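One structure is given here, and the rest of the page talks about it.
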Amino acid sequence: MSLEVDIRKKFKGFELHNAFSAGTETLGLLGASGCGKSLTMRSIAGIERPDSGKIVVNGTVFFDRAPGKKPKVDLTPQQRKTALLFQNYMLFPNLTVAQNVAAGIGKDVSAADRDAAVACELKRFGLEGFDKRYPAQLSGGQQQRVALARMLAARPGILMLDEPFSALDAHLKSVLEQNLVSLFDAFDGTILYVSHDIDEALRFCDRIAVVEDGHVMEIGTGDDLVNNPQSQAGIKLSGCKNATRAEYVDAHHVRLPRWGITVETSREVSRDVKCLGVRAFYLEQVDGPGENVYRARVDRVSDSRFERTALLGFVDACRDEREILDRNEDEMKYLHQHMFWRVDKLRADEASLPSEGEELWIRIPKDRVYLVSR
């Protein structure tokens with residue numbers, strides 16, 4: 001089983017140019033809203049037509065078009081036999097559960113085989129006894145299971161899921177994730193999974209493609225993305241709260257203009273370095289000056305159930321190299337001049353938690369920073 005994609009599509013103010021391949025695996029497309037993830041899957045399914053490029057699924061050419069030419073190949077969505085699960089499941093409201101599950105099965109399949117396939121998938125997803133109900137009579141979780149059953153019953157060449165949990169609360173999401181485990185275990189082929197949630201992508205995907213502004217910036221395992229991101233988009237989408245512009249100083253030092261500091265790194269610095277990232281929970285509070293230690297002021301704090309997040313301003317930052325902003329003038333620029341620090345409330349006593357207005361010494365571990373050139 002395989003997938004090869006190399007497509008372009010241009011809109012006013014946006015251009016999609018995605019190129020990637022996948023085998024028998026679950027490949028995540030991770031990116032912010034509007035970056036081209038869903039457009040890519042809709043192009044594979046035949047709902048959207050690229051301006052040019054090629055799409056090949058399991059050796060069958062779905063689409064082939066040279067720039068400025070008519071398509072050599074452009075199979076209809078029905079001919080492609082893909083399965084695309086949308087966020088709202090798109091069940092037919094006038095059909096029963098059994099009829100919805102059977103809807104994707106080809107007309108060349110006998111009635112007996114059709115009924116057997118439907119019964120198999122209803123059992124797989126715990127929907128026995130629901131076959132005569134209509135979608136309006138089902139819970140959101142049951143509707144999702146019907147949509148998943150319909151996908152497998154159609155025996156597609158590729159599965160594609162477009163943020164299937166985006167509208168669910170946290171508790172229901174954790175329960176319904178197990179439905180996907182059943183789906184993935186039953187399907188032997190390529191699965192594309194669109195998400196903007198790094199934790200969700202890590203749970204389900206063998207590899208993750210980082211998508212930004214219509215382009216795949218990097219592809220790797222979840223471990224690669226978390227521990228060794230290769231792009232600024234990868235740093236941000238991996239959940240790293242601190243990503244700031246970096247300038248080369250020497251082989252082991254970078255200047256961070258927005259923060260007004262220079263940082264030493266264990267990793268050798270490329271001359272074309274563009275960005276430094278450091279995770280908020282890697283920062284360390286220390287007693288006084290030292291290597292990569294900076295005097296910081298706590299300008300804001302916020303609490304979650306188990307963490308306190310502090311927004312740190314660098315007290316001794318070089319004021320000649322950056323604009324000093326008031327938080328009320330430009331909130332985003334103000335935030336970019338600060339570093340996020342996360343403190344585990346379960347491990348720290350109340351008195352040691354950072355408080356607004358406090359000044360303290362913070363160390364950036366030189367072996368914990370990410371450096372990227374794109």
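The values are calculated or read from the model by the stated rules, or taken from the named source; none is laboratory data. Computed from a predicted structure; not experimentally measured. FYI the Cβ positions are ideal-geometry reconstructions off the backbone, even for glycines, and counts take in every protein chain you see.
Things to note:
- For segment 119-136, taking the residues that are part of a loop (DSSP other than H, G, I, E, B) and modelled with pLDDT under 90, the one that is nearest to the chain's Cα centre (by Cα) is identified as F125.
- Criterion violated by N228 - all others in (1) surrounded by fewer than 16 Cβ atoms within 10 Å (Cβ to Cβ); (2) free of Cβ contacts under 8 Å to residues at least 40 places away in the same chain satisfied: (2)
A quick yes/no check of all residues on (1) assigned by TED's automatic domain parsing to the domain that holds D344; (2) more than 17 Å from V372 (Cβ to Cβ); (3) in contact (Cβ under 8 Å) with a residue 40 or more places away in the chain:
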residue	(1), (2), (3)
H253	yes, no, no
G260	yes, yes, yes
R271	yes, no, no
L276	yes, no, yes
F281	yes, yes, yes
G290	yes, yes, yes
A317	yes, yes, yes
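- Failed condition for F62, given (1) more than 30 Å from K132 (Cα to Cα); (2) aromatic (F, W, Y); (3) out of contact with any strand residue (DSSP E or B) (no Cβ under 9 Å at 6 or more places or on another chain): (3)
- Segment 1-62 holds strands (runs of 3 or more DSSP E) entirely within its bounds, and those carrying 2 or more residues that are more than 19 Å from Q79 (Cα to Cα) and among the small types (G, A, S) map to 14-22.
- Cross-chain or 6+ apart pairs with Cβ under 7 Å, segment 182-207 first and under 15 Å from T82 (Cα atoms), then assigned to a strand (DSSP E or B) and among the small types (G, A, S): T190/A22; Y193/G28
- A116 satisfies every condition listed in (1) in a helix (DSSP H, G or I); (2) within 24 Å of T60 (Cα to Cα) except (2).
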